[in-house]
Amino acid sequence: MADPSSYRPKPGQIPDSPGVYRFRDEHGRVIYVGKAKSLRQRLSSYFQDLAGLHPRTRTMVTTAASVEWTVVSTEVEALQLEYSWIKEYDPRFNVKYRDDKSYPSLAVTLGEEFPRVQVMRGPKKKGVRYFGPYAHAWAIRETVDLMLRVFPVRTCSAGVFKRSAQIGRPCLLGYIGKCSAPCVGRVSPEEHRELAEEFCDFMAGRTGAYLRRLEQQMHEAAEEMEYEKAARLRDDIEALRRAMEKNAVVLADATDADLIAVAEDELEAAVQIFHVRGGRVRGQRGWVTDKVEAVDTAGLVEHALQQLYGEESGDAVPKEVLVPALPEPVEPVAQWLGRRRGSRVDLRIPQRGDKKDLMATVERNAQQALVLHKTKRASDLTTRSRALEEIAEALELDSAPLRIECFDISHLQGQDVVASMVVFEDGLARKGEYRRFQITGRVGDTQVWHGEGQDDVRSMHEVIGRRFRRYLLEQQKAGEWSEENAVEATEAEAEEGTARTEDGRPKRFAYPPQLVVVDGGQPQVAAARRALDELGIDDVAVCGLAKRLEEVWLPGEDDPVVLPRTSEGLYLLQRVRDEAHRFAIAYQRSKRTKTLKAGPLDAVPGLGETRKKALLKHFGSVKRLRAATVEQICETPGIGRKTAETIAAALAAAAPPAPAVNTATGEIMEEAGE
């Protein structure tokens, strides 16, 4: 690990002008490339106190052994040079999007004497017109199959084309009318090229004029009683319309635009791009990247723009590029895009209308792509085994934690404080064993605090204590725990914790985890460990995962355990933590919804949902029920006199809500909920 002060440039050496800089390691390899409006200001920021740097930046500057820079005249030139150097050096600390070359495109080889329509992957070649990319190759083939009826362009390989020319017979497509058979001279090279160019025009979105021309030809053929020709044209028009239906209109103004959305967490980011041409989605692609540098959403967008358009020019760069966040500053990026296109490019965030709605769709695709990427990693048995082994090694456990339980606290400004417990066994979620807790502020029979407020530490202590107190009760009942070590529990806890299933097996609280993960840092970990110590449990490991930097905290340690960025163990811990967070928020929201929907009958003790519905059905509204006598309430099926008296007393004590007033007429209206 190098000391950044050992290679820090001397004062005055760094110019105060735009440029691009490179950090190299001790072996001379470029490990990071960046650009700056002012090299002096940017580079100086890397040589401040290490404690003030982002962890990823700190790792980069301590790995580097030297820094160098190149001065350019404008920020646009800096952007272009940065892209070129990233492509050339492939620095380990720069954001690099993966899987770009896996998406197929529809390609027309206009550079050949007889242009060919085909599916292409990989880097783009000169003399080839590309459409897409598409998510699947079969989608391209379905579209081409429909269009070959109208545009019978060559689709065969060079070998098949040469063989057909030698024997003087076309391939099967030539016989069924889906190829104009230039190999045997049915059309001249000029006529075949014209077909290929019409194919490209149609794929580029110029469809209206061509369809109108075909419809006119169909009507003329029908008037001249050339019914076979008219029928063929009718079928051609239908085939083209079916091909167009595969790409529904999403923007009514026939816009050419690319929409870019980003979904990210602390370690990875997924980018989705929709290519819209002529108002229709013509292609889609997605990338996933490791966030190896300290970068925000705007930075991820800038990197995506560089990779997306770095090798493009002309119409391949659309008139509009819609993004979720604008790079800072935005002007150089917009100018760079304009230079690549040859005209102005509008780079902006959609604010309203169809474009904003379509951007929301792209964002959902990005979120799904990120979830799918993480799920694929977690679903592989070998990957899960390696993840558990890495966790055991990092936390110095005796064996792999086959059962992991994670706890999270959720509340809304200190109200409706709840907790969640999720269970992962062998690296997979066991949703049937998830549990939810309402924070009460009690430990055993003692009320230690009121259970409200933003005190995640005491909440965590309570929920861990309650969970393992029930575990000890199960052990005691099964005879596996001595009474000296057993802990007294409240009557409510005993009822909930020791209930048996129909076949006599204990509830899942009876099974202890090998590892408890809490959502938080040192304070939450200390609270969890203290709760276990108070119960005399010393064979369950505890750790915490802090959201901000994805650091793993252990009890009694001043410094966190930092797992490698690519560690499968870190991915598993992160997934467990995120699932606990999701489950806690879902419970907290459901409680809040019930609170908002609560009515006067909810305050009546012992009155369940069935009898509430019976009362409302019998009286029609709470207002009429409130005005009823005890005898009238007793007439409701299932309601006895004692219950009726309780209902009448509870409704009399509850103040009726303010009446609704029609603001237009001043009329007092009957309560909406009654």
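The values are calculated or read from the model by the stated rules, or taken from the named source; none is laboratory data. Owing to the predicted nature of the structure, the values given are computational and were not obtained by experimental measurement. Please note: Cβ atoms are built from the backbone with ideal geometry, for glycine as well, and neighbour counts cover all protein chains shown. Accessible surface areas use protein heavy atoms only, side chains included; no ligands, DNA or RNA. Shrake-Rupley method; radii C 1.70, N 1.55, O 1.52, S 1.80 Å.
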task: Write out, first by first residue and then by second, each pair whose Cβ atoms fall under 9 Å of each other, whose residues are 6+ apart or on separate chains, and whose first residue, in the range 509-522, is modelled with pLDDT of 90 or more and open to solvent by less than 10 Å² (accessible area, probe 1.4 Å) while the second is assigned to a helix (DSSP H, G or I) and of a type in the set (Phe, Trp, Tyr).
output: 516/468
task: Restricting attention to helices (runs of 4 or more DSSP H) lying wholly within the range 89-200, give those where 3 or more residues are surrounded by fewer than 19 Cβ atoms within 10 Å (Cβ to Cβ), more than 44 Å from the chain's Cα centre (by Cα) and at pLDDT 80 or above.
output: 158-167
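Can you give me the number of residues within the range 7-16 that are surrounded by fewer than 19 Cβ atoms within 10 Å (Cβ to Cβ), of a type outside the set (D, E, K, R) and either at pLDDT 85 or above or within 37 Å of the chain's Cα centre (by Cα) (or both)? Write out each step before concluding.
Step one: list which residues in the range 7-16 are surrounded by fewer than 19 Cβ atoms within 10 Å (Cβ to Cβ), which gives 7-13, 15-16.
From what's left, of a type outside the set (D, E, K, R): 7, 9, 11-13, 15.
Narrowing further to those that are either at pLDDT 85 or above or within 37 Å of the chain's Cα centre (by Cα) (or both): 7, 9, 15.
Selection size over the range 7-16: 3.
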Within the range 70-86, tally of residues that are touching a helix residue (DSSP H, G or I) at 6+ places or on another chain (Cβ under 9 Å) and over 22 Å from residue 13 (Cα atoms): 5
message: Against the definition (at pLDDT 80 or above and in a loop (DSSP other than H, G, I, E, B)), how does residue 538 come out, yes or no?
response: yes
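If you check 326, 305, 347, which single one turns out to be assigned to a loop (DSSP other than H, G, I, E, B) and over 16 Å from the mean Cα position of the chain (by Cα)?
Values: 305 fails: assigned to a loop (DSSP other than H, G, I, E, B); 347 fails: assigned to a loop (DSSP other than H, G, I, E, B).
Being assigned to a loop (DSSP other than H, G, I, E, B) and over 16 Å from the mean Cα position of the chain (by Cα) holds for just one of 326, 305, 347, which is 326.
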message: I want to confirm something. Restricting to the range 552-585 and keeping residues that are free of Cβ contacts under 8 Å to residues at least 60 places away in the same chain and open to solvent by less than 60 Å² (accessible area, probe 1.4 Å), which single residue is farthest from residue 94 (Cα to Cα)?
response: 555
query: Inside the range 1-49, can you point out the residues that are of a type outside the set (D, E, K, R), in contact with a Leu (Cβ under 8 Å, 6 or more places away or on another chain) and not in a loop (DSSP other than H, G, I, E, B)?
result: 4, 19, 20, 21, 36, 46
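For the range 220-299, please list each of the strands (runs of 3 or more DSSP E) lying entirely inside it that holds at least 1 residues being open to solvent by 50 Å² or more (accessible area, probe 1.4 Å) and modelled with pLDDT under 80. Give the derivation first.
Details: elements: 257-264, 268-277, 280-290.
Once the strands (runs of 3 or more DSSP E) in the range 220-299 are filtered for at least 1 residues that are open to solvent by 50 Å² or more (accessible area, probe 1.4 Å) and modelled with pLDDT under 80, what remains is 280-290.
Out of 84, 38, report the one residue that is open to solvent by 30 Å² or more (accessible area, probe 1.4 Å) and at pLDDT 80 or above.
Details: 38 fails: open to solvent by 30 Å² or more (accessible area, probe 1.4 Å).
84 is the lone residue from the list that is open to solvent by 30 Å² or more (accessible area, probe 1.4 Å) and at pLDDT 80 or above.
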